[in-house]
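First comes the structure, then the notes that go with it.
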Amino acid sequence: MNYRPHVISWNLTQRCNLLCTHCYISAVPQVGNSEKLTTQECRRVMDEIAQINPSALLILSGGEPLLRPDLFDLAASIPLIKKCTMPFAVSTEPGRRR
């Protein structure tokens with residue numbers, strides 16, 4: 001692979017409580033679990049990202065990533081990835097309503 005990503009924005013969920021008209025993933029408050037990766041599958045993807053570029057900036061986004069119950073478990077597992085110095089951020093929306 002010749003291309004090494006330096007910034008990765010990963011939409012972990014399509015769930016969101018805001019229903020913004022400009023939303024590019026058409027996020028909605030309730031989405032079935034069948035469309036998201038399990039915690040273990042997400043960890044595998046993070047391992048694969050770290051193999052390609054262990055210092056890439058990983059942005060955990062969505063929808064609203066705080067609606068994903070395992071978000072903090074996923075974030076806590078990033079420093080445990082072997083040879084990974086990957087910084088990360090959580091991209092979240094303020095709790096405003098229409």
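We did not get these values from a lab; they are worked out from the coordinates using the rules stated. Small disclaimer: the values here were computed from a predicted structure and weren't measured. Ideal geometry is used to build each Cβ from the backbone, glycine not excepted, and the neighbour counts take in all protein chains shown.
Let me have the relative contact order for region 7-90, percent, based on Cα pairs under 8 Å that are six or more residues apart.
40 percent
List, in order, the whole-Hz ³J(HN,Hα) value for each residue of region 57-64 obtained from phi through the Karplus relation with A = 6.51, B = -1.76, C = 1.60 and θ = phi - 60°; use x for Gly and Pro.
7, 9, 9, 8, 10, x, x, 10
Just want the answer: with Cβ charges of +1 for Lys and Arg and -1 for Asp and Glu, which residue in Val28, Gly63, Ala75 is farthest toward the dipole's positive end in region 7-90?
Ala75
Magnitude of the Cβ-charge dipole of region 7-90, K/R +1 and D/E -1, about the Cα centre, nearest 20 debye?
Its charge dipole is roughly 120 debye.
Would you mind checking which residues have amide H under 5 Å from Ala89's amide H? H placed 1.01 Å from N; only 5 or more apart, or other chain.
Sorted by chain and number, the residues that satisfy this are Leu58, Ile59, Leu60.
Under 13 Å from the Cβ of Leu58, count the other residues' Cβ atoms, weight Lys and Arg +1, Asp and Glu -1, and hand me the total.
Once positives and negatives cancel, what remains is -1.
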